[in-house]
Amino acid sequence: QCSSELMGPLLFPSYILYLDKIQFEEGEGARAVPLSGHVGFDSMPDQLVNKSVNHGFCFNILCVGETGLGKSTLMDTLFNTKFEGEPTQHNQPGVQLKSNTYELQESNVRLKLNVVNTVGFGDQINKEDSYKSIVEFIDAQFEAYLQEELKIKRTLHSYHDTRIHACLYFIAPTGHSLKSLDLVTMKKLDSKVNIIPIIAKSDAISKSELAKFKIKITSELVSNGVQIYQFPTDDETVAEINSTMNGHLPFAVVGSTEEVKIGNKMVRARQYPWGTVQVENENHCDFVKLREMLIRVNMEDLREQTHTRHYELYRRCKLEEMGFKDTDPDSKPFSLQETYEAKRNEFMGELQKKEEEMRQMFVQRVKEKEGELKEAEKELHEKFDRLKKLHQDEKKKLEDKKKALDDELNSFKQKKTAAELLQAQTQQAGSSSTLKKDKERKK
Amino acid sequence: MADVGKTPVARNEKASSEFGYVGIDAILEQMRRKAMKQGFEFNIMVVGQSGLGKSTLTNTLFKSKVSRRSVMTTEEERIPKTIEIKSISHVIEEKGVRMKLTVIDTPGFGDQINNENCWQPIMKFINAQYEQYLQEEINIDRKKRISDSRVHCCIYFIPPTGHCLRPIDIEFMRHLSKVVNIVPVISKADTLTLEERDFFKQKIREDLRANEIDIYPQKEFDEDAEDRMINEKIRAMIPFAVVGSDQEYQVNGKRLLGRKTRWGTVEVENTTHCEFAYLRDLLIRTHMQNIKDITSSIYYEMYRVRRLNENNTKPNGQPAIHANGVPEHEVLSHEM
């Protein structure tokens, strides 16, 4: 037995820890003891499986390939269903990634299948950047998971995993060699995702050409250092079949959702005037091998490799990029914390700066507007004053006129009165004079 | 998007002539294979005063000499002056399934004259395991598989007084139920008659309720109606009244584990005699994975949240409560 004390800041003087440090996988250290009866923990795999069944599974496939290589049809054939209603529109510039999620169920297994298609891959005149949107997409899924993992309050066990578990790379059935676009793309993707190369629409190639084609492809991949996914051979149960299948890569596949009657059975096939290519006939194509490897034997391994290899690599690179590092044991408990805090403060600082800038701009604008409004106000006042003066002048004028008129009226009245008086006097005088005249005549 | 249901087909037909079978359910077999290859880990802690049969019960549960007492034959049998925490690991295998079982013993618990704060070293230990896991998890360069030393389950031994829980029981369970799954058991239950046992259980359940102590299986972690139904049945029976033994006796022509007395033989695995079988089924045969899940997705996450928020120190200068649940204090001389 070995005794050890726990690291640094967690030393507790009052306990002794006897801990077997040696890993379980190595099979040594922790002593093996025989059991004298049935304990019952052999049900653990079942308990684990039941929990997963209740939870459901998810599997994400990325199909990379040029337009027209039968990506959608192959997915339909693999999962025995019709996924999309109509073929995708190919009218966008650049490579788009279109993702669709489906819920499939077989016996008690519920699978959330996510199929991502590259739309427009290889359609461009200049294909230098074709791989970029694919890499960005894959990275974005890793990033989303990383963000969740780094959260303080996180819910990893119910997180909907969108990381790509398998990338089916569709090779055009030219029969000669890989295109440079294929090599470049696969090289960029091989450290990020499990690549399974397949020869699409392989009914276009004859058997002898196919063998040569496969050899050429494999040697080109090797000489360019492209790491494709190897079916695992460490578990004896599946080591044999996996290693045989590794030798058949890349799989030459044919996809079809149409059924043709062969003998007395309906099979999925492609009918030509000169014969019928049966999808599930292993003499005709490698479809069955692909289905076997991708789904029935290695689905779980694909998920595990994605998590323990590709994701870990992404995480390591990303964290190092952000400035984290595993330093010496003393500061270990705090390195992540401190850098995290520092980054957060930096971010907050920037945020504050931006906020300040915006506030300044706002104040500035307000001032300007205020100035404008003041100007306008001033103008209005002036206008008002002017108008007022105008009115006053008018009024004065009118009043003067009125006064003049009144004066005239008064003087007229006076004159009128005077005139009337005079008239009255004159009349009296006149009448009396008339009387006088009359009197004189009478004499 | 499209909800596609498919007709279930028997798994045996894997020939390519089969139509409609994709093979998605083969993932169950793949998972099982992986689990068998990787093996399992289980860490169980036993807490209780000396003489309550902790070692025996552990040996009985795992049908082998896994307890500390059985392993250490050279040391003197003495009750330590302070609480010690001792951990022993074994690898056991059954039908191809390998398990690394770690039994954590706590000699000295409850044996002192003054048992104040006896729960503290245990709490510190449990949090230390969470800390160790957290450190591994936040590494940049991580191991492919982090070895899990977190305490999944803590069995608390209640002495068969027949009355009610003692203050030390309540104190311990109140603190520890916040950081670990607690499974209390009535130990040495062969000293209680069935009526005394039922009365005692009821009293214990009342005490637990009154002190708001949540023991396993916790009500709030029931996942769905089916879960709740199963767990309610268990909650109606806990704490299990157990008897441990690693001796076999001949009973009715069969060799059974039991305790032989002059007035009869108590059969450990007979559910009319004691509830050991229920405890074993709960801990090992049906709920082991669930116990581990609650530890990792609830208790560990709670620790992690506390720990990651810890660096936000309080501005008013109050001493922070460390994530290990123990307030800062000077190390007293008798603890050194």
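Its Cα centre serving as origin, the protein assembly as shown has a Cβ charge dipole (Lys and Arg +1, Asp and Glu -1) of approximately 3740 debye. Going from the fewest other Cβ atoms within 10 Å to the most, the residues B:Leu279, A:Leu183, A:Leu97, B:Leu194 appear in the order B:Leu194, A:Leu183, A:Leu97, B:Leu279.
For chain A, leaving out every one of the chymotrypsin sites (Phe, Trp or Tyr not before Pro) that falls in a DSSP loop and has at most 16 other Cβ atoms within 10 Å, the longest unbroken run is A:275-443. The lysine pair tally for region A:109-230, using Cα distances under 15 Å and a gap of 8 or more places or different chains, is 12. Put a dot 7 Å past the Cα of B:Trp263, heading toward its Cβ, do the same for A:Leu183, and the two dots end up 9.0 nm apart. Loop-located GluC sites (Glu not before Pro) across region B:115-174 with a Cβ neighbour count of 16 or fewer within 10 Å are B:Glu116, with loop assigned by DSSP. Potential lengthening of the chain between A:Lys395 and A:Thr233 amounts to 47.2 nm, from the contour at 0.36 nm per residue minus the alpha-carbon distance.
Averaging the Cα positions of each part gives two centres, and for region A:375-406 and region A:200-271 these lie 100 Å apart.
Hey, if you drop one equal point scatterer on each alpha-carbon of region A:128-249 and run the Debye formula without solvent, what base-10 log of I(q)/I(0) do you get at q = 0.11, 0.13, 0.20 Å⁻¹? Each listed q corresponds, in turn, to -0.50, -0.66, -1.15. For region A:371-408, the residues whose amide N sits under 20 Å from a probe point set 7 Å from the Cα of A:Lys415 along the beta carbon direction are A:401-408. Computed from the Cβ-Cβ distance with R0 of 22 Å, the FRET efficiency linking A:Thr276 to A:Lys82 stands at 0.55.
Taking GluC sites (Glu not before Pro) across region B:200-292, the ones in a DSSP loop with at most 11 further Cβ atoms lying within 10 angstrom of their Cβ are B:Glu212.
Assuming a viscosity of 0.692 mPa s and a temperature of 37 °C, what translational diffusion coefficient in µm² per second does Stokes-Einstein assign to chain A, Rh being the Kirkwood radius over Cα pairs? Result for D is 106 µm²/s. For A:Gly56, the shell of other residues with beta-carbons less than 10 Å away shows a net charge of +1, using +1 for Lys and Arg and -1 for Asp and Glu. Dipole orientation for the protein assembly as shown: of the candidates B:Ile83, B:Met302, B:Asn270, B:Met302 has the Cα lying most toward the positive pole (charges on Cβ; Lys, Arg +1; Asp, Glu -1). With R₀ set to 51 Å, the beta-carbon distance separating A:Asp139 from B:Val251 gives a calculated FRET efficiency near 0.15.
Kirkwood radius for the protein assembly as shown, taken over all pairs of different Cα atoms as the inverse mean of 1/r, rounds to 33.4 Å. Loop-located GluC sites (Glu not before Pro) in region B:18-56 (DSSP state not H, G, I, E or B) with no more than 15 neighbouring Cβ atoms inside 10 Å: B:Glu18. Computed per residue of the protein assembly as shown from DSSP H runs no shorter than four, each worth -39500 (n - 2.57), the mean residue ellipticity at 222 nm is -13500 deg cm²/dmol. Could you compute the FRET efficiency for B:Glu196 and B:Glu93, with r as their C-beta to C-beta distance and R0 at 60 Å, rounded to 0.05? Efficiency computed from Cβ-Cβ geometry: 0.90.
The lysines within cross-link reach of A:Lys265, meaning a Cα-to-Cα straight distance under 18 Å and a gap of 8 or more places when in the same chain, are B:Lys14.
No lab work stands behind these numbers, since they all come straight from the coordinates. Since we're looking at a predicted model, the values are computed, not measured. Note that each Cβ is placed from the backbone with ideal geometry, even for glycine, and that neighbours are counted across all protein chains shown.
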